[in-house]
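The values are calculated or read from the model by the stated rules, or taken from the named source; none is laboratory data. None of the values given here were measured: they were computed from a predicted structure. Cβ placement follows ideal geometry from the backbone for every residue including glycine, while neighbour counts extend to all protein chains displayed. Heads up: the accessible areas ignore ligands, DNA and RNA and are worked out on the full protein's heavy atoms, side chains in. Shrake-Rupley method; radii C 1.70, N 1.55, O 1.52, S 1.80 Å.
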Amino acid sequence: TLHKHIEILRKAKQQGSLAIFVGCGVSRATSKKYKTWSELIDELKKDLNLDKENDFLKVAQLYSLEFGSIQEKRKVQDFFPEIDEPGEIQKALVNLKPHYIITTNWDCLIDNAIDDNPGIIDKIATDSELVQSDKDKKYLKIHGDFLHDNFVFTEDDYLNYSYNFPLIENFIKS
């Protein structure tokens with residue numbers, strides 16, 4: 001029941017072990033200008049003249065192979081505003097002060113909500129940032145971001161994740 005779930009969350013918060021994992025739905029709930037994974041892939045499929053391919057990672061990989069990594073980055077980045085005001089959900093996540101916020105999102109909405117509350121949470125999108133982190137509370141962008149030019153998108157990116165993000169991967173596993 002909802003009451004049980006709320007109690008579990010309350011207990012985790014009190015014990016300092018609350019970890020919140022968010023995906024594109026959190027950004028999409030803030031603004032329709034943020035695309036879903038399927039909407040982004042549909043745009044790539046149009047450019048590739050692919051109708052029947054439904055493997056998202058394969059489409060992303062084919063796009064990168066066809067147009068190159070620079071065009072791939074430009075295309076994907078166009079879907080995400082560089083500067084944007086965080087919504088109520090991003091502000092609420094940060095104000096909740098969980099032990100960890102973990103996301104696969106590349107956008108800057110949660111980053112900006114953290115910037116509005118400096119000193120609380122370390123923002124981490126690379127292994128080196130994880131090593132340098134000195135705060136107990138962490139915001140982990142496990143699929144990288146545009147700022148660091150390390151966003152995880154293609155099939156190769158996923159296959160090479162353990163090589164490109166070994167510390168983040170092991171941190172999440174632990």
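Okay, residues lined up against (1) over 11 Å from Thr154 (Cβ atoms); (2) modelled with pLDDT under 90:
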position	(1), (2)
Arg28	yes, yes
Thr36	yes, yes
Leu40	yes, no
Glu43	yes, no
Lys46	yes, no
Phe56	no, no
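Scanning the range 40-59 for residues that are free of Cβ contacts under 8 Å to residues at least 24 places away in the same chain and either within 19 Å of Lys73 (Cβ to Cβ) or of a type in the set (A, V, I, L, M, F, W, C) (or both) yields Ile41, Asp42, Lys45, Lys46, Leu48, Leu50, Phe56, Val59.
If I filter the range 15-38 down to residues being open to solvent by 50 Å² or more (accessible area, probe 1.4 Å) and outside any helix (DSSP H, G or I), which single residue comes out as nearest to Ile102 (Cα to Cα)? So the residue we want is Phe21. Within the range 39-56, if we keep just the residues that are closer than 24 Å to Ile110 by Cβ and open to solvent by less than 50 Å² (accessible area, probe 1.4 Å), the residue that is farthest from the chain's Cα centre (by Cα) turns out to be Ile41. Can you find, within the range 91-122, the residue that is least open to solvent (accessible area, probe 1.4 Å) among those that are over 14 Å from Val22 (Cβ atoms) and among the charged types (D, E, K, R)? Looking at residues that are over 14 Å from Val22 (Cβ atoms) and among the charged types (D, E, K, R), I get Asp122.
Counting only residues that are part of a helix (DSSP H, G or I), over 15 Å from Lys35 (Cα atoms) and open to solvent by less than 60 Å² (accessible area, probe 1.4 Å), how many does the range 61-90 have? So the count comes out to 6.
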